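Heads up: the structure comes next, in structure tokens.
The values are calculated or read from the model by the stated rules, or taken from the named source; none is laboratory data. Source: prediction; values computed, not measured. Reconstructed Cβ throughout: ideal geometry from the backbone, glycine too, with neighbour counts over all protein chains shown.
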Amino acid sequence: MQKIKEMSPYALCQAASIVQNGTRRWKNDPDSKHYVAEAKYRSLKCGKFENVKSISAEKLCADATILRDGKRRWTSNPKFKHHVKEAKYRSLKCGVGSVQKGDMKEMRNMEIKGSNLISYALKGGSKSQCISKCLNSNSCKAISYERRTKSCWLKMQTLPLLHSPGIDSVQFLK
């Protein structure tokens, strides 16, 4: 019993819970009851027990895909099979089979003026997250990303370009 108390939260969650039908649940077998009791005693969430239907598109794509040989692919890891199924059900591209690193043109201190896909900036993410959001949209052709404010603008067009210090743009060459 002392070993269970010394387990890291991650190891304890792995021993106490399982993903079934896309939802993380406490294990219900005699061998796991002590792990489950300790995890509950520590108030561990163990993956929040969220159903794949409630996961954001960004997190779903991160879990459902892998990068291999420079290409984004659906994962074959059985642990994430429900994530892949849900991403496909939502018609998310997740960058699979589309744009690769060589298919992008990155421009530092250049802004694509106008042609915003949505009327507001997406804030707080990285440039990579901004690129992922664009790849998950059928209408997005480019992004402009303001480094200081971490603001992401999804674009329907790749032009006109203007010199703008602090803003980077990425065009997708399809």
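Of all residues in segment 41-57, those satisfying the criterion of being at pLDDT 80 or above and part of a helix (DSSP H, G or I) are Tyr41, Ala57.
Can you tell me which residues in segment 5-24 are among the basic types (Lys, Arg) and under 16 Å from Glu38 (Cα atoms)? Passing the criteria: only Lys5. As a summary of the residue check, Lys113 satisfies the conditions (1) closer than 23 Å to Cys61 by Cα; (2) touching a Leu at 6+ places or on another chain (Cβ under 7 Å); (3) of a type outside the set (A, V, I, L, M) except for the one numbered (1). Out of all the residues in segment 89-103, is one or more over 24 Å from Phe172 (Cα atoms), surrounded by fewer than 19 Cβ atoms within 10 Å (Cβ to Cβ) and either of a type outside the set (Phe, Trp, Tyr) or modelled with pLDDT of 80 or more (or both)? Scanning segment 89-103 turns up at least one residue that is over 24 Å from Phe172 (Cα atoms), surrounded by fewer than 19 Cβ atoms within 10 Å (Cβ to Cβ) and either of a type outside the set (Phe, Trp, Tyr) or modelled with pLDDT of 80 or more (or both).
Within segment 1-40, track down each residue that is assigned to a strand (DSSP E or B) and of a type in the set (Ser, Thr, Tyr). Residues satisfying the conditions are Ser17, Thr23.
Of the strands (runs of 3 or more DSSP E) lying entirely inside segment 64-174, those carrying at least 1 residues that are without any contact (Cβ under 8 Å) to a residue 12 or more places away in the chain are 65-68.
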